[in-house]
1. Considering just Cα atoms, how many Å³ per residue does the convex hull of the stretch 93-143 enclose?
2. Sorted by mean Cβ packing within 10 Å, highest first, what order do the peptides 17-24, 99-106 take?
3. So how do 126-134, 49-57 stack up, highest first, on mean other-Cβ count within 10 Å?
4. Apply the a/c threshold of 1.5 to the C-alpha gyration tensor of the stretch 29-141 and tell me whether it is rounded, prolate or oblate.
5. Quick one: LEU135, LEU107, fewest Cβ neighbours within 10 Å first, how do they rank?
Amino acid sequence: MALRRLKSDGTVVAVGNNQYGQCKASASDWTDIVSISAFADTTVGVKSDGTVVSIGKDTNHSGAAAGQHEVSGWTDIKQAAAGQFHTLGLKNEGTVVAAGWNDRDELNVGDWNNIVVLGVGPYFTAGFKADGTILYTGSQEDGMNAMEVWQSISLPKVSPEIIAEFQELK
């Protein structure tokens, strides 16, 4: 287990299990970071220019390359989320980009839009829309993303003014 923290100067400090290099997020190329996400053996960071850096384990259970760190071409990102073997990026214009192992369809986000925040787990991806709609894809095993039970949960509605203000802060 590793602990990662974003410092006020835009650098990242990481301590703990560094078996896959996930604590090297404090390296010199991890500067000007505005947000981080971590899951198990992976750390991803969004830089102020909207690009993404990623570090940590780069293979799946079988030892094959998973591709979750193939984010160097991503631009205009406002949030990144690290999953078990996948990484998601929320672009400034709701859409979602994905990289990594798609063993359980966790990368099937190509038609998602109007997303305001992403959530990920071991083998699933969730997208929360401004109108309270929840999109999800990925594993149904062991109830990991049994989001059908989320039908009765109502998310707070976000006013258009707050959404506009949030987008200005990017």
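1. 73 Å³
2. Numbers: 17-24: 16.2, 99-106: 20.4.
Order by mean packing, descending: 99-106, 17-24.
3. Ranking, from highest mean packing down: 49-57, 126-134.
4. Because a/c hits 1.5 or more and a/b fails to exceed b/c, the stretch 29-141 counts as oblate.
5. Numbers: LEU135 19, LEU107 24.
If I rank by nearby Cβ atoms, fewest first, I get LEU135, LEU107.
Where a number appears in this text, it was derived from the coordinates with a stated rule and is not lab data. This is a predicted model, so every value here is computed, not measured. Using ideal geometry, Cβ is built from the backbone for each residue, glycine included, and neighbour counts are taken over all protein chains shown.
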